[in-house]
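The values are calculated or read from the model by the stated rules, or taken from the named source; none is laboratory data. Here the structure is a predicted model, which means the values were calculated and not measured. All Cβ positions, glycine included, derive from the backbone under ideal geometry; neighbour counts span all protein chains shown. When the accessible area is computed, the model is the full protein with side chains, heavy atoms only, and any ligands, DNA or RNA have been set aside. Shrake-Rupley method; radii C 1.70, N 1.55, O 1.52, S 1.80 Å.
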Amino acid sequence: MALVYKLQSLSSSLSSTHFRKPNSLNPQPICSLHFNSSSNSSPFTEKTSIERYQRDQWLYKNQLDQATLCSVPPDFDSIRQNDIALQLPELRKLLQVLRGKRESEGGCGSGKCGPGNVFLVGTGPGDPELLTLKAYRVIQNADLLLYDRLVSNDVLELVGSGARLLYVGKTAGYHSRTQEEIHELLLSFAEAGANVVRLKGGDPLVFGRGGEEMDFLRQQGIEVNVIPGITAASGIAAMLGVPLTHRGVANSVRFLTGHSRKGGTDPLFVAENAADPDSTLVVYMGLSTLPSLAQKLVHHGLPPNTPAVAVERGTTPQQRMVFAELKDLADEIISAELVSPTLIIIGKVVSLSPSWPYSSKEVSCLVEAI
């Protein structure tokens, strides 16, 4: 399939039963997207923030100049469709430029260009100083970087000046690209001979859907290089002074996701096997399902006074955290108004943190009693 046609297929997919067809010949200016500045409140890219459009302005040309001329209440389905329509012309141009660059540099033999490189790069939980040296080198040499919502703004500041950035993040109620569209973008630019970097928060193979992207590309004959990142569980626990395992306290650690594949409010059917007082539980994306999870864990034998902590935007300057016993954690989170991304750690090891709000004598008794 020709490279340009693959990107055209992204446009044509909007006419399927899943989406209303956008007016691709006359897309609305970016001002209609009603973006808002969130840099002061979040270290990450929040939905349709102004930082995102400034960072990806190569896709929109002069649209940003019109941003203050109108303000329309957001309709995220329309935003997504209109956004893709605005981006497609520049994406097609970039494909042609990269193909021409590969040919001019002699990267083609017998009139056929080989594929470029694809890197799945983990950027850690947010602090740019937790980025690996290898990840930094790859980011500096990229032609195109597709980045998620949980890649922090500080990490994105490290991108090379000649690279192009494309936001493909997802959050509740707004997916800027479907997973299938992300697959096609990666494939199209890899086949054009580009150095393509897929930036993901944390580690790309821990609840990051990196395995799906890797599998798809390899089936198409594209080599994929994975650069691990410090997953949120390790980075945030270390920052808190919480050992995920500790001799005599926790002999194992288990990572859980608060989201099922098809969504829903209660995907955590593993609670029966996870209610082990000698194990540490780390829950990703679990804000909405924590009340149900906590109830099930207690029902299956985990003591209700098990220490726990919820950490919002861990390792960043905007970090906030709530310590509580398991039975009270959900209510404390509501009181503190924590928002996504929030990581939850449950287990006796939480009481070993210097920030645990009980006295050292109480902690000692707690660890012995549980």
**Scan of segment 317-370 for residues that are at pLDDT below 95 and of a type in the set (Phe, Trp, Tyr), ordered by number** = TYR358
**Request:** Give me the pairs, please: first residue somewhere in segment 219-240 and of a type outside the set (A, V, I, L, M, F, W, C), second residue anywhere and in a helix (DSSP H, G or I), beta-carbon distance under 6 Å, and either six or more positions apart or on two chains.
**Result:** GLN220/LEU187; GLY235/LEU130
**Residues satisfying the stated conditions in segment 231-266, i.e. at pLDDT below 95, in a loop (DSSP other than H, G, I, E, B) and surrounded by fewer than 19 Cβ atoms within 10 Å (Cβ to Cβ)** = HIS259, SER260, ARG261, LYS262, GLY263, GLY264, THR265, ASP266
**Asked** So which residues in segment 215-230 are open to solvent by less than 30 Å² (accessible area, probe 1.4 Å), under 17 Å from PHE189 (Cβ atoms) and outside any loop (DSSP other than H, G, I, E, B), if there are any at all?
**Response** LEU217, VAL224
**Message:** Condition first: part of a loop (DSSP other than H, G, I, E, B), among the charged types (D, E, K, R) and in contact with a strand residue (DSSP E or B) (Cβ under 9 Å, 6 or more places away or on another chain). Can you find one or more residues in segment 290-312 that meet it?
**Reply:** no
